[in-house]
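**Student:** For reference, the structure I am asking about is given below.
The values are calculated or read from the model by the stated rules, or taken from the named source; none is laboratory data. Here the structure is a predicted model, which is why all the values come from computation and not from measurement. Cβ coordinates were reconstructed from backbone atoms using ideal geometry, including for glycine residues, and neighbour counts include every protein chain displayed. When the accessible area is computed, the model is the full protein with side chains, heavy atoms only, and any ligands, DNA or RNA have been set aside. Shrake-Rupley method; radii C 1.70, N 1.55, O 1.52, S 1.80 Å.
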Amino acid sequence: MKKIVNALAIALALAGLSASVQAADYKPRIIRFGYGLAEDSNQGRAVKFFADDLAKRTGGKMKAKGFANASLGSDTQMQNALIGGAQEMMVGSTATLVGIVKDFGVYDLPFLFNNEKEADAVLDGPFGQKLIGKLQDKGLVGLVYWENGFRNLTNTKHPVAKLEDLQGIKLRVMQNPVYIDMFNSFGANAVPLPFSELFTALETKTVDGQENPVNTIQSSKFYEVQKYLSLTKHVYSPWIVLVSKKWWDGLSADEKKAIQESAAASRDFERKDSREAATKAVDFLKQKGMQVTVVSDAELGRMREKAKPAFDKFASEGGADLIKELQGEIAKVRK
Ligand code: KDG
């Protein structure tokens, strides 16, 4: 008897769900969701999670299809495709958004966040949402932040344990003035390149090194072309999930709600997945032959000092209040 009651309850629940899905206004849609990392990466896994979640939520009507390895273009190319309405969704670095909304560059200043808890609170709180709001009149809708992670240095020349070890290293950086200024102030030769060109640039020794979170160093197989890893955690790097506003404005309220709910669920999944993966990544990279250097707090303090001109330049170019506001939000979480 109990089994029959349970089966009936499940059937009614499913009937209720399918009724609500049928009642909702979802049109059959294919959503092109582009990203720069490999399919088997924290970024790729979260795109798949989003697609599966949205399909479930809409009875299979709204189908997001992930396009990995920058197959739809680099971050900036995809941003332009979304603005023009030629592509529906993407996830990429906030650092590559500075050509559209300069304020996103504040996240690239070094040694801002001490840990993920601070980052989550500020990005998901009023400060992070205010920056997202600035995208609307540029033709983009920002949904949520995902975690790229704390960035670390790799190179082929020698271990980097102190600032002097960076002298003359040709270091690929994201196409962003704060990264260029910061690494030049450290004594490296900063070489801005799109992520999609990075592996080849390392393989052909066009550049000696790069900086990325350990998850990316693993999933993009940089260990095949890089010998030395220095754990600096010099910047906390967010990703941002973006939608074409041209496309977004044509969606029903139900479709927007479903996308927003799936985006929030994917954010929680991605952060958990990325943090779990990061705990295993350093051992994996050691097994692949990378020599790992933990940079001392004293040396990180010297880097922080050296990076001051990058802070001052960002402040002098209109970012002073933004820096103060961000540091105030971090202080609220930190105490
Ligand atoms: O599409 C690649 C982006 O996600 C970018 O953020 C990866 O951190 C990255 C980098 O170094 O370009």
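**Student:** In percent, what relative contact order does the chain have, based on Cα pairs under 8 Å that are 6 or more apart in sequence?
**Tutor:** It rounds to 24 percent for the chain.
**Student:** What does the helix-only formula give at 222 nm for the chain: each DSSP H stretch with n ≥ 4 adding -39500 (n - 2.57), the total divided by the residues, and the result rounded to the nearest 500 deg cm²/dmol?
**Tutor:** Taken over the chain, the calculation gives -14500 deg cm²/dmol.
**Student:** Quick check: with the 1.4 Å probe, what order do F33, F195 take by accessible area, largest first?
**Tutor:** The most accessible residue leads, giving F195, F33.
**Student:** If you don't mind, another one. State to the nearest 20 debye the size of the charge dipole of segment 148-202 about its Cα centre, where the only charges are +1 on K and R beta carbons and -1 on D and E beta carbons.
**Tutor:** For segment 148-202, the charge dipole is close to 100 debye.
**Student:** Give me the one-decimal nm value for the distance between modelled label points at Q136 and D321, 7 Å along each residue's Cα-to-Cβ direction.
**Tutor:** Taking the two extended label points, one gets 1.9 nm.
**Student:** So which lysines can K162 reach, going by Cα to Cα under 27 Å and dropping same-chain residues fewer than 8 places off?
**Tutor:** K170, K205, K221, K227, K233, K280, K286, K288, K306, K308, K313
**Student:** For segment 123-246, what is the percent of antiparallel DSSP beta bridges, rounded to the nearest 5?
**Tutor:** Within segment 123-246, antiparallel bridges account for around 75 percent of the total.
**Student:** Also, I was wondering about something else. Of all accessible surface on the chain at a 1.4 Å probe, what whole percent is carbon and sulfur?
**Tutor:** Roughly 56 percent of what the probe reaches on the chain is carbon or sulfur.
**Student:** Return the single residue from F113, F50, F284 with maximal mean-square fluctuation; model: Gaussian network over the chain, springs between Cα atoms under 10 Å.
**Tutor:** Answer for the Gaussian network model of the chain: F284.
**Student:** Of the listed peptides 39-49, 161-171, what is their order by residue-averaged count of other C-beta atoms within 10 Å, with the highest listed first?
**Tutor:** By packing density, highest mean first, the sequence is 39-49, 161-171.
**Student:** Moving on. What is the set of long-range amide H partners of E39 at a cut-off below 5 Å, with H atoms built 1.01 Å from backbone N?
**Tutor:** Amide H to amide H, under 5 Å and 5 or more residues apart or across chains, E39 pairs with N69.
**Student:** Grab the beta carbon distance between E305 and K227, set R0 = 25 Å, and tell me the FRET efficiency rounded to 0.05.
**Tutor:** Approximately 0.35, to the nearest 0.05.
**Student:** May I pose another question? Working from Cα positions, state the angle (0 to 90°, nearest 10) between the long axis of helix 320-334 and the longest principal axis of the chain.
**Tutor:** Result, in degrees: 70.
**Student:** Taking 25 Å as R0, compute the FRET efficiency from the Cβ-Cβ separation of D312 and D124 and round it to 0.05.
**Tutor:** 0.30
**Student:** Using only Cα atoms, tell me the angle between helix 75-84 and the longest principal axis of the chain; keep it within 0 to 90° and round to the nearest 10.
**Tutor:** Roughly 40 degrees between the two axes.
**Student:** What size of dipole, in debye to the nearest 20, comes out for the chain about its Cα centre when the only charges are +1 on Lys and Arg C-beta atoms and -1 on Asp and Glu C-beta atoms?
**Tutor:** It works out to roughly 660 debye.
**Student:** Sticking with this one: Looking at the chain only, what percent of DSSP beta bridges run antiparallel? Nearest 5 please.
**Tutor:** So the antiparallel bridges amount to about 55 percent of the total.
**Student:** Could you grab the relative contact order for segment 35-172? Cα pairs under 8 Å, six or more apart, rounded to a whole percent.
**Tutor:** 17 percent
**Student:** Something else now. How many nm is it between the label spots at I4 and N114, if each spot is 7 Å from the Cα in line with the beta carbon?
**Tutor:** 6.3 nm
**Student:** Using 15 Å as the cut-off for backbone N distance, which residues of segment 233-273 belong to the label zone defined by a point 7 Å from the Cα of E39 along Cα→Cβ?
**Tutor:** Taking a point 7 Å out along Cα→Cβ of E39, no residue of segment 233-273 has its backbone N under 15 Å.
**Student:** How many angstrom lie between the Cα centre of segment 128-195 and the Cα centre of segment 284-306?
**Tutor:** So the separation of the two Cα centres works out to 16 Å.
**Student:** Where the only charges are on Cβ atoms (+1 Lys, Arg; -1 Asp, Glu), what is the dipole of segment 200-312 about its Cα centre, to the nearest 20 debye?
**Tutor:** 160 debye
**Student:** Could I ask something else about it? To the nearest 10 square angstrom, how much accessible area does E197 have with a 1.4 angstrom probe?
**Tutor:** Near enough 90 Å² of accessible area.
**Student:** Would you list which lysines come within 22 Å of K130, measuring only between C-alpha atoms, while excluding same-chain residues fewer than 8 positions from it?
**Tutor:** Within reach: K102, K117, K138, K245, K246, K256, K257, K324, K332.
**Student:** Using the alpha-carbon atoms, what tilt in degrees (0 to 90, nearest 10) does helix 253-287 show relative to the longest principal axis of the chain?
**Tutor:** Between helix and principal axis, roughly 40 degrees.
**Student:** Let me ask another. Taking 35 Å as R0, compute the FRET efficiency from the Cβ-Cβ separation of K205 and N80 and round it to 0.05.
**Tutor:** Efficiency at R0 = 35 Å is approximately 0.70.
**Student:** Rounded to the nearest whole Å², what accessible area per residue is found for segment 213-335 with the 1.4 Å probe?
**Tutor:** For segment 213-335, the per-residue accessible area is 48 Å².
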